[in-house]
Amino acid sequence: MDNKIVALILIILGLIVLAVPLLGVIPLGLLAGFVVLFLGLGLIVAGITDMGVSKALGIIELILGIIALILGLGIMFSPGLFVWILGLIVWIAGIFLIIGGIVGIFTKSGGSRWNGVIALIIGLLYVIIGNFVASDPKILGVLIGLWLLITGILMLFVKE
């Protein structure tokens, strides 16, 4: 498919998702839910087959499989749960970046204290965005729509 056609499709999808933000969240939630659901099924099968080798390992895999199965179904049918989990992951990544940034500022890791400052700033942004995303699925939808729109515009106008 031609790059211009793909760019125009991304721009149109971005505008649609910006107009109705949950249209960007629901497909991602379904996809993530299916992945976690299949992970749970795989862990359950592995737990059953590993029972003969190690009962402890089998039981742990069964428990993790059941948790993943329940979580996968929850993510598939509740966009709010998906958004909350995603916001939590972004928030945790932000905390790690903040800690790494502080360490970088005081130890000059990477050759420059500016690397630590940049990591600290990005970490703070991640924590802020994670808090907003976790509280409102529409914010995640808007971010997805902006990403689609910007990607489409860049594909359309920027030549490599």
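The values are calculated or read from the model by the stated rules, or taken from the named source; none is laboratory data. Keep in mind that what you see is a predicted model, and the values were worked out from it rather than measured. Virtual Cβ from ideal backbone geometry, glycine too; neighbours counted across all protein chains shown.
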> Which condition number does G52 fail, the rest of (1) surrounded by fewer than 16 Cβ atoms within 10 Å (Cβ to Cβ); (2) part of a helix (DSSP H, G or I); (3) of a type outside the set (A, V, I, L, M) being met?
Replying inline: (2)
> From I85, I44, I118, which residue is modelled with pLDDT of 90 or more and in a helix (DSSP H, G or I)?
Replying inline: I44
>> Just to be sure before I move on: is K108 basic (K, R), loosely packed, with under 14 Cβ neighbours inside 10 Å and either within 24 Å of the chain's Cα centre (by Cα) or at pLDDT 85 or above (or both) in the structure I sent?
In response: no
> Hey, among the residues in region 88-97 that are surrounded by 17 or more Cβ atoms within 10 Å (Cβ to Cβ) and hydrophobic (A, V, I, L, M, F, W, C), which one's modelled with the lowest pLDDT?
Replying inline: V90
> Does I70 fit the bill of being surrounded by 14 or more Cβ atoms within 10 Å (Cβ to Cβ) and over 26 Å from L149 (Cα atoms)?
Replying inline: no
> Hey, among V36, V25, which residue is in contact (Cβ under 8 Å) with a residue 40 or more places away in the chain, under 16 Å from the mean Cα position of the chain (by Cα), closer than 20 Å to G74 by Cα and crowded, with 18+ Cβ neighbours inside 10 Å?
Replying inline: V25
> How many residues does region 45-58 contain that are farther than 23 Å from G33 by Cα and either out of contact with any Asp or Glu (no Cβ under 7 Å at 6 or more places or on another chain) or basic (K, R) (or both)?
Replying inline: 7
> Pairs, please: C-beta under 9 Å, at least 6 apart or cross-chain, first residue surrounded by 16 or more Cβ atoms within 10 Å (Cβ to Cβ) and in region 134-160, second of a type in the set (F, W, Y)?
Replying inline: A134/W84; A134/W91; P137/F82; P137/W84; I139/F132; L140/F82; L140/F132
>> Being touching a Gly at 6+ places or on another chain (Cβ under 6 Å) and in a helix (DSSP H, G or I) narrows it down to one residue among G104, G74; which is it?
In response: G104
>> Would you confirm, using the coordinates I've provided, whether V6 is β-branched (V, I, T) and more than 20 Å from F157 (Cβ to Cβ)?
In response: no
